[in-house]
1. Quick one: go through region 357-400 and flag any residue whose amide nitrogen is under 19 Å from the point 7 Å out along the Cα-to-Cβ line of D342.
2. Just to be sure I understand the model, the point goes 7 Å from the Cα along the line to the Cβ. What's the resulting R350 to A18 distance in nm?
3. Toward the positive end of the charge dipole of region 484-549, about the Cα centre and with charges on Cβ (Lys, Arg +1; Asp, Glu -1), which of L489, A535, W505 goes farthest?
4. Under 17 Å from the Cα of K183, which lysines turn up, not counting those fewer than eight places away in the same chain?
5. For every helix of n ≥ 4 consecutive DSSP H residues, a contribution of -39,500 (n - 2.57) applies; sum these over the chain, divide by its total residues, and give [θ] at 222 nm rounded to the nearest 500 deg cm²/dmol.
6. Output needed for region 135-255: three equivalent-ellipsoid semi-axes, defined as square roots of 5 times the C-alpha gyration tensor eigenvalues, in descending order, whole Å.
7. Rolling a 1.4 angstrom probe over the protein heavy atoms, how many square angstrom per residue are accessible across region 419-518?
8. Tell me the carbon and sulfur percent of the accessible area for the chain, rounded to whole percent, probe radius 1.4 Å.
Amino acid sequence: RGSERDKLYRSWLAFCRAYEPDLSDSSKYLEPPEEGRLAQPLKLVDNRVAKAEIVAPKDVYGSIELAARELQYWIAKMTEVELPIVSEPTGTKPIRIFLNSPAAHRRWSADVAWLKKGRDVDGYFIRTDGNDIHIGCCVPSDADEAAMPALGLPSDACAVGVFRGAVALLENNSTILFQSCDKEYGTVYDTSPDFVVRWGEGRERPATCGRGWRLGTDYSNRRKIKIDSSDMWRARNRTNVTMPHRLSGHAYSAGEMIEYVPNEAPYQIFDGEKRIKHGYYQGQICLSAPDCLEKAIASGVKTVARAREKKNYPIVSCGFWNEDNYKVCVCEGCTKPIKCEDGTILESNRKTDRHRMEKSEMLYRSTQYMLFINALADGIAKECPGVKTEILAYLFQYPAPKCKISDNVVWVTCPLYLRPSYNVPVFHPLNRKCYENIVKMKSLGGEMRVYEYHAFGTLTRADTVGIEAAAMDYDYYTSLGATSIGSELAWVNEYTKPSAMMNGWLFSRIGWTADINQVEKLRKWFLRRVYREGAPAAEEYYARLRRKA
């Protein structure tokens, strides 16, 4: 009692006890927001004739190109008219939509400064001057990795905020809603011979850093991104984790530990009788092989060099993710006693176990693993300043190791087996074991990221308050300094399950605000745009189930 956790828990209880669903008229969510409306609306398309052009100069990473394509594609879907995309104003159209122009950066410098102070730098501003609409962000289009520090920006920043602004312009001036990544049913909108901009003044920045649905491991800028891909659906709804850099503003390099060393003895684990070949479900690696550390460092350095040579995206962390099992090496070097800083001696029971492990052995292995990771991360950072080593594990982070964590390590907490409930926040007493382990890990150092499993818990069902719990999770993890908060995307967007589509959409959007008080508003917006005149019935149906939950 009296702790910060106690306050958080009681705020959750107070919210639940006071909760009453908002069943007021939601038809306003088909209209532009009241704040930010223009005194004189602008017709981008007038009776199926293009009256505007999109001015989109090239940027370093390609974010502006995606933003321009997004505007052009969806306006064409709604009106059957393509607005031309040009690099400079042509003077042939009365209305111009400028994407990230340097002049807008200078004129609205207060917006740029405000966006820089956000938890993340993928916010946007939209300003309208006469017939000119400006969509900008705080990252100049010509800034690359080397230029970012002098601008007060992260080295892996990009101009993806303009993409967020393009989506906002579409959503706030039409009835469009990107409800799921299903190609046939995913996007809802009305068609018309006109596209009128009635809203054109505003700015937004996120309350979290990395956020949303985790999916995929190619974070580079080298591949084409299809307009109907899951990457685009996630980006439209403010997700920016585990995505191509130009759609997220975050730059990681994926990697399994078994990719860092040869798949041969002595780097393969010894199970007491023989060496076992590397494999995702077959085992980890032998951490005590004579030159295992040196080979792993060299491999990490090579990965960074390769990415930088291609110059298609910056690198701030390299993955050294453990494999999906508990099968560990029991050779003499991998089972020798570990002396901790406090004088404690940890000893191994010399058992290799693919699925189960005793608590004392789990502590031994988490400490052994982290000591190796510290040395690896420091070695890579020495050769590649600014690059950290990311570990991804729901194994070997519980229990938290008995050693400090290097500042060069990014640890991604994965509470799959530690968290009984996703229908309540992580700090709820039901999730005590998970909460306490995260707090312990945080006290040891390093950079924190989160790999959650909300879709495995409650988000596919209608009779839950999983989204409200997720909103508080986002807020709490952000308060701990987490630089990425994502959840594995699995089956949540089955178009045959309306509640799954709604909650899948909500999970992304609530990651932007991290505010439990915004959930009801977002839900009403979703239901009105999807169900139209049926929205009141849908709202009442979900409200009854939610009130009970």
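The values are calculated or read from the model by the stated rules, or taken from the named source; none is laboratory data. Only a predicted model underlies this, so the values are computations on that prediction, with no experimental measurement involved. Because the Cβ atoms are built from the backbone with ideal geometry, glycine has one as well, and the counts that use them run over all protein chains shown. Calculation scope for accessible area: heavy atoms of the full protein, side chains included, ligands and nucleic acids excluded. Shrake-Rupley method; radii C 1.70, N 1.55, O 1.52, S 1.80 Å.
1. The answer is 359-371, 397-400.
2. Those two pseudo-labels are separated by 6.1 nm.
3. Farthest towards the positive pole: A535.
4. Result set, ordered by chain and number: K77, K226, K497.
5. Working: 15 runs with 188 residues, N = 549.
After summing the helix terms and dividing by the residues of the chain, the value is -11000 deg cm²/dmol.
6. Working: eigenvalues 138, 77, 26 Å².
Whole-Å semi-axes of the equivalent ellipsoid: 26, 20, 11.
7. Numbers: 3100 Å² over 100 residues.
With all protein chains present, region 419-518 gives 31 Å² per residue.
8. On the way: 11330 of 23030 Å².
The value for the chain is 49 percent carbon and sulfur by accessible area.
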